[in-house]
Amino acid sequence: MTASKQRRSGAHQVLLALYALFVLAAGARAAVQLATDAGRAPVAYALSAVAAATYAAGWLAIRRASVGRTGFASVMLWVELAGVVTVGTLSLVERDWFPDASVWSDYGIGYGFVPAVLPVAGLLWLRSQRPPV
Amino acid sequence: MALSALCLLAALWLAVLMVRDRTPDHLLLNLLAVIEVGLIVHLVLGIVHVTSDAPADVSTWEYIGYLIGAALFVPVGVVWSSGEKSRGGTGVLLLAVLLVPFMFVRLADLWAGGA
């Protein structure tokens with residue numbers, strides 16, 4: 001009883017909602033931009049689609065981790081963080097590749113830097129899921 | 001703008017509920033219902049507005065997409081939080097009501113041609 005009660009803080013619900021939101025936001029953005037004007041910034045738009053796929057995988061990873069299977073999340077959230085950092089840095093260094101912004105441009109500045117905070121928040125939550133060794 | 005103010009009021013209320021670890025009460029659900037009615041009216045008026053007298057550079061479908069999105073967050077949040085009676089479930093609803101004013105900002109941006 002106490003164990004199940006502890007699980008009920010439901011913090012991961014907020015994470016799941018944010019990941020679902022970003023699947024929609026990044027996915028819709030990539031789909032519209034690739035469909036209407038793909039030639040303008042193909043790298044940026046393709047990376048937006050990659051971001052959407054990453055959020056879908058992240059959503060799944062957090063769902064699995066919330067029932068104790070943390071393996072996928074412990075890899076996936078680092079992949080996501082690496083993606084944000086890599087694309088964010090590239091967008092600053094290789095301006096030519098980004099004539100238009102991508103979801104992770106400038107570390108997610110277009111989304112109030114939530115994309116940079118999200119994997120870190122996820123990893124912190126994941127730590128709390130595991131019993132201290 | 002009145003809708004944004006109501007959303008922020010609901011958000012404040014939800015934050016208090018989260019701190020006290022309570023689930024949403026009836027009064028709050030009534031407030032959310034009022035907001036939702038307002039959002040549906042906003043959706044209809046917005047579609048009429050954008051299809052009749054929008055400046056040429058406003059992307060009609062994108063605008064309508066954001067209008068529909070704004071009207072969907074609150075019902076989705078209510079359903080989600082009623083299925084998840086926990087602090088996190090209430091947090092999801094808080095997120096939903098905060099997204100509504102954000103959608104209004106995006107709609108204003110689109111209308112101004114800022115895309």
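Report relative contact order for the stretch A:9-133 in percent, whole number only (criteria: Cα-Cα under 8 Å, sequence separation at least 6). Averaging sequence separation for qualifying contacts and normalising by length gives 27 percent for the stretch A:9-133. For the protein assembly as shown, a crude dipole built from +1 on the beta carbon of Lys and Arg and -1 on the beta carbon of Asp and Glu, taken about the Cα centre, is about 1400 debye to the nearest 20.
With contacts defined as alpha carbon pairs under 8 Å and 6 or more residues apart, what's the relative contact order of chain B in percent?
The value is 37 percent.
The charge dipole of the stretch A:12-129, taken about its Cα centre with unit charges on the Cβ atoms of Lys, Arg (+1), Asp and Glu (-1) only, comes to about 500 debye.
In this label model, A:D96 and A:A46 are separated by 1.6 nm, measuring between points 7 Å along each Cα→Cβ vector.
Within the protein assembly as shown, all pairs of alpha-carbon atoms sorted by distance into 10 Å bins from zero give the percentages 7, 27, 32, 24, 8, 1, 0. Cα-based radius of gyration for the stretch B:2-111, normalised by 2.2 N^0.38 Å, reads 1.14.
For peptide B:85-91, the mean count of partner chain Cβ atoms within 10 Å of a residue's Cβ comes to 6. Quick check: Cα centre of the stretch B:46-115 to Cα centre of the stretch A:2-74, how many Å? Answer, in whole Å: 19. Net charge dipole, chain B: roughly 440 debye, given to the nearest 20, about the Cα centre with Cβ charges of +1 for Lys and Arg and -1 for Asp and Glu.
Interface between chains A and B: roughly 900 Å² of accessible area buried, both sides summed (probe 1.4 Å, protein heavy atoms only). Of the heavy-atom accessible surface of the protein assembly as shown (probe 1.4 angstrom), what whole percent is carbon and sulfur? Here carbon and sulfur together make up 69 percent of the probe-accessible area.
Once the mean of 1/r is taken over each pair of separate Cα atoms and inverted, the stretch A:12-129 shows a Kirkwood hydrodynamic radius of 14.2 Å.
Among residues other than A:V50 with Cβ under 15 Å from its Cβ, the summed charge is 0 (Lys and Arg +1, Asp and Glu -1).
Taking each DSSP H run with n ≥ 4 as -39500 (n - 2.57) and averaging over every residue of the protein assembly as shown yields -26500 deg cm²/dmol at 222 nm.
Could you estimate the translational diffusion coefficient of the stretch A:64-133 from the Stokes-Einstein equation, with Rh from the Kirkwood formula over C-alpha pairs, at 25 °C and 0.890 mPa s, in whole µm²/s? My calculation gives 187 µm²/s for D.
Ordering of B:26-38, B:58-70, A:102-114 by packing is A:102-114, B:58-70, B:26-38, highest average first (other Cβ atoms within 10 Å, averaged per residue). Per residue, the convex hull spanned by the Cα atoms of the stretch A:1-80 amounts to 72 cubic angstrom. Taking all protein chains into account, the per residue accessible area for the protein assembly as shown stands at 53 Å² (1.4 Å probe). So which DSSP H runs in chain A come out at 27 Å plus along the axis (Cα) with average Kyte-Doolittle of at least 0.5? Membrane-span-like by this criterion, though nothing is claimed about a membrane: A:11-37, A:42-66, A:71-93.
The values are calculated or read from the model by the stated rules, or taken from the named source; none is laboratory data. The structure displayed is predicted, hence computed values, not measured ones. All Cβ positions, even for glycine, are placed from backbone atoms using ideal geometry, and neighbour counts span all protein chains on display. Surface accessibility is based on the protein's heavy atoms, side chains included, excluding ligands, DNA and RNA. Shrake-Rupley method; radii C 1.70, N 1.55, O 1.52, S 1.80 Å.
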